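Colleague: Mind having a look at this structure? Questions to follow.
Every read-out reported here was derived from the displayed coordinates using simple, explicitly stated rules and does not represent laboratory data. Note that this is a predicted model, so its numbers are computed, not measured. Ideal geometry is used to build each Cβ from the backbone, glycine not excepted, and the neighbour counts take in all protein chains shown.
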């Protein structure tokens with residue numbers, strides 16, 4: 001019996017966690033940082049920020065593993081995913097389950113350093129993460145479920161910083177659900193033909209020929225909601241400058257998906273990284289004079 005080198009197994013686990021494609025970490029991170037900076041008025045506790053940044057990386061990795069466990073039989077039939085470690089048979093399902101459990105336990109250990117409200121909310125976040133991969137079998141809007149799962153760090157951030165769940169936390173969560181519906185629909189447009197063949201559901205399939213138009217409406221709704229959030233938070237010019245740049249990035253995404261070419265739709269999906277970044281930079285610069293003072 002040949003013993004496989006440890007580094008080979010670790011490499012497969014890293015691929016399973018999608019560490020070579022950190023876009024999911026970025027998308028989850030930006031929304032969480034928005035919440036931390038708004039909740040902390042530009043001065044969130046450094047320890048809390050560290051816990052949430054590490055938690056984002058762990059839970060996104062766990063989410064990828066859980067997703068691949070649920071989709072391993074489907075991934076074999078999709079060009080983009082057939083070489084994933086589980087679908088290709090390089091990692092056994094039992095190994096993947098063990099890895100997911102370890103990642104979730106590490107994330108929970110981090111949460112245990114926070115207050116009781118944050119710990120209680122973490123159980124809802126885990127339920128959303130575990131249940132998301134199954135949603136694409138039952139309805140055409142798994143992207144909304146993803147938005148709740150990816151955005152659950154927002155109420156947790158407010159809970160950790162303020163020990164409360166104000167209206168602002170839920171408005172920001174709603175904004176993240178809209179944002180997730182946008183970028184994950186762009187992502188689903190890449191796999192639309194394969195998903196139709198194997199019977200999976202997505203907003204890209206449900207929207208059909210109106211996909212670009214509906215994404216545009218969602219982008220407008222997101223930006224308007226972020227304006228409302230800025231007004232309620234007393235944000236200044238730098239924040240709105242960030243939103244202005246984000247609006248141009250949204251238009252660029254519309255340009256990329258104009259012909260629905262899979263590679264261009266994927267570029268539009270990736271463009272949401274700078275979209276989230278410029279909004280955070282706006283918040284960071286907006287609060288900077290107050291934090292220095």
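Colleague: What FRET efficiency, computed as 1/(1 + (r/R0)^6) with R0 = 45 Å and r the Cβ-Cβ distance, is obtained for residue 285 and residue 76, rounded to the nearest 0.05?
Modeller: 0.45
Colleague: Among 172-182, 260-270, what's the highest-first ranking by average C-beta atoms within 10 angstrom per residue?
Modeller: By packing density, highest mean first, the sequence is 172-182, 260-270.
Colleague: Another question, then. Using packing as a proxy for protection, rank 115-127, 51-63 so that the peptide with the highest average count of other Cβ atoms within 10 Å comes first.
Modeller: The packing order, highest mean first, is 51-63, 115-127.
Colleague: Express the relative contact order of the chain as a whole percentage, based on alpha carbon pairs under 8 Å and six or more residues apart in sequence.
Modeller: 20
Colleague: Largest first and in whole Å, what are the equivalent-ellipsoid semi-axes of the chain based on the Cα gyration tensor, each being the root of 5 times an eigenvalue?
Modeller: 31, 25, 16
Colleague: I'd like the distance between the alpha-carbon centres of the stretch 139-185 and the stretch 25-71, rounded to an integer number of Å.
Modeller: That distance is 12 Å.
Colleague: Sticking with this one: From Cα pairs below 8 angstrom and at least 6 apart in sequence, can you work out the relative contact order of the stretch 75-154, rounded to a whole percent?
Modeller: Taking the mean separation of contacting Cα pairs over the length of the stretch 75-154, I get 15 percent.
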